[in-house]
């Protein structure tokens, strides 16, 4: 690791500490010292992971950065390269100019968003009624969450980017900043298509009154502005706008790719094409059902109900869809953790979701299964049932004892 990388990661650590300070949570000497130690430990763990190279980096990310380096950097955006959307390619093009290992730069970008992810999660916990200890606990729990550490610092993936932006969208909507909320969700979708697992929660925010219908018109405007630099550099406009449609084939034709989805249980299917269509229909129907329940009970929609619905969507949609990969429950990992810090009886569900995701991570990173993926699938079924119970309790359908906020 050279001096530049050391400086950059120190700046990211300082950003984490500064966000805690600005949030007003460091009120006592013990909290100041403990937070500094925990931030240091979180970043020491990430530094330990930085040199690890996965096949994804060797076969794809490094190749794409080299392509930009050999074809004029940003000028190469006019070409079709990789299977990521334009915003992430902006960063890969930028990295091609810098005299620093692209492995480190790719990972440092994800680590930066790890910090924003923890900050947004902490803010949502505050809106759930979580006390200062719960907010601090959530911030550090996200930073130390195994899938968060493994995803960016070790694997070099960028899931923390789109999920951080999605949570920032929810947080800013709760803060009654609708324009920032729509900007964040547009950026989230711009980075990864998997943002659609969380995007339906904006409809629930609309039902709560945090968003107006006119705010949704900002989404296409922001999206066009987001991809416009690539268009100005020569990328065909229509191709740029429809990039996700052209990339759907890149996710593979198999029903399951080390994912704890429903196809972890029903792994042997004779008619895969029919199963795929039925699964897509089931996921869409599930989304509509969650939104319908929220709409019918819109006058009862508390923030707890909102987060329970968000968990149901982030877990249930990828659980039912075909062709899911090992990392597609990243948003579910974080949202279940956020809800657990707002409602401690939900903690087992957060642990189950993390267990399910880690089975997929282990399968890729170790190239072998720790346990059959169906164990993760059943864990997510329990998570869905618990989230449904939280939503039912928040809407007043049932009443649990000791379901107080932290």
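The values are calculated or read from the model by the stated rules, or taken from the named source; none is laboratory data. Keep in mind it's a predicted model, so treat the numbers as computed, not measured. Counting neighbours? That spans all protein chains shown, and the Cβs are built from the backbone with ideal geometry, glycine included.
The table below lists the values:
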{"read-out": "Checking residue 53 against (1) farther than 21 Å from residue 188 by Cα; (2) in contact (Cβ under 8 Å) with a residue 40 or more places away in the chain; (3) surrounded by 18 or more Cβ atoms within 10 Å (Cβ to Cβ), the condition it does not meet", "value": "(3)"}
{"read-out": "Among the residues listed as 105, 92, 98, 45, the single one being without any contact (Cβ under 8 Å) to a residue 60 or more places away in the chain, in contact with a helix residue (DSSP H, G or I) (Cβ under 9 Å, 6 or more places away or on another chain), surrounded by fewer than 16 Cβ atoms within 10 Å (Cβ to Cβ) and under 30 Å from residue 16 (Cα atoms)", "value": "98"}
{"read-out": "Odd one out for residue 214, checked against (1) surrounded by 11 or more Cβ atoms within 10 Å (Cβ to Cβ); (2) modelled with pLDDT of 95 or more; (3) part of a helix (DSSP H, G or I)", "value": "(1)"}
{"read-out": "Positions within region 18-37 being surrounded by 15 or more Cβ atoms within 10 Å (Cβ to Cβ), touching a residue at least 40 places away in the same chain (Cβ under 8 Å) and either touching a strand residue (DSSP E or B) at 6+ places or on another chain (Cβ under 6 Å) or more than 13 Å from residue 115 (Cα to Cα) (or both), in sequence order", "value": "23, 25, 31, 35"}
{"read-out": "Criterion violated by residue 72 - all others in (1) surrounded by 15 or more Cβ atoms within 10 Å (Cβ to Cβ); (2) on the phi > 0 side of the Ramachandran plot satisfied", "value": "(1)"}
{"read-out": "From 274, 289, 278, residue being surrounded by fewer than 16 Cβ atoms within 10 Å (Cβ to Cβ), under 23 Å from residue 333 (Cα atoms) and without any contact (Cβ under 8 Å) to a residue 40 or more places away in the chain", "value": "289"}
{"read-out": "Extreme residue, modelled with the lowest pLDDT, among residues of region 185-211 that are buried (at least 24 other Cβ atoms within 10 Å of the Cβ) and part of a loop (DSSP other than H, G, I, E, B)", "value": "192"}
{"read-out": "Boolean, residue 15 is surrounded by fewer than 17 Cβ atoms within 10 Å (Cβ to Cβ), in contact with a helix residue (DSSP H, G or I) (Cβ under 6 Å, 6 or more places away or on another chain), at pLDDT 95 or above and part of a helix (DSSP H, G or I)", "value": "yes"}
{"read-out": "Failed criterion for residue 332 (all others in (1) under 21 Å from residue 161 (Cα atoms); (2) out of contact with any helix residue (DSSP H, G or I) (no Cβ under 6 Å at 6 or more places or on another chain) hold)", "value": "(2)"}
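A quick yes/no check of all residues on (1) on the phi > 0 side of the Ramachandran plot; (2) touching a strand residue (DSSP E or B) at 6+ places or on another chain (Cβ under 9 Å); (3) modelled with pLDDT of 95 or more:
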| position | (1), (2), (3) |
| --- | --- |
| 268 | no, no, no |
| 294 | no, no, yes |
| 311 | no, no, yes |
| 316 | no, no, yes |
| 327 | no, no, yes |
| 330 | no, no, yes |
| 340 | no, no, yes |
| 360 | no, yes, yes |
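Residue-wise test of (1) farther than 18 Å from residue 309 by Cβ; (2) under 20 Å from the mean Cα position of the chain (by Cα).
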site: 328; (1), (2): yes, yes
site: 341; (1), (2): no, yes
site: 360; (1), (2): yes, yes
site: 388; (1), (2): no, no
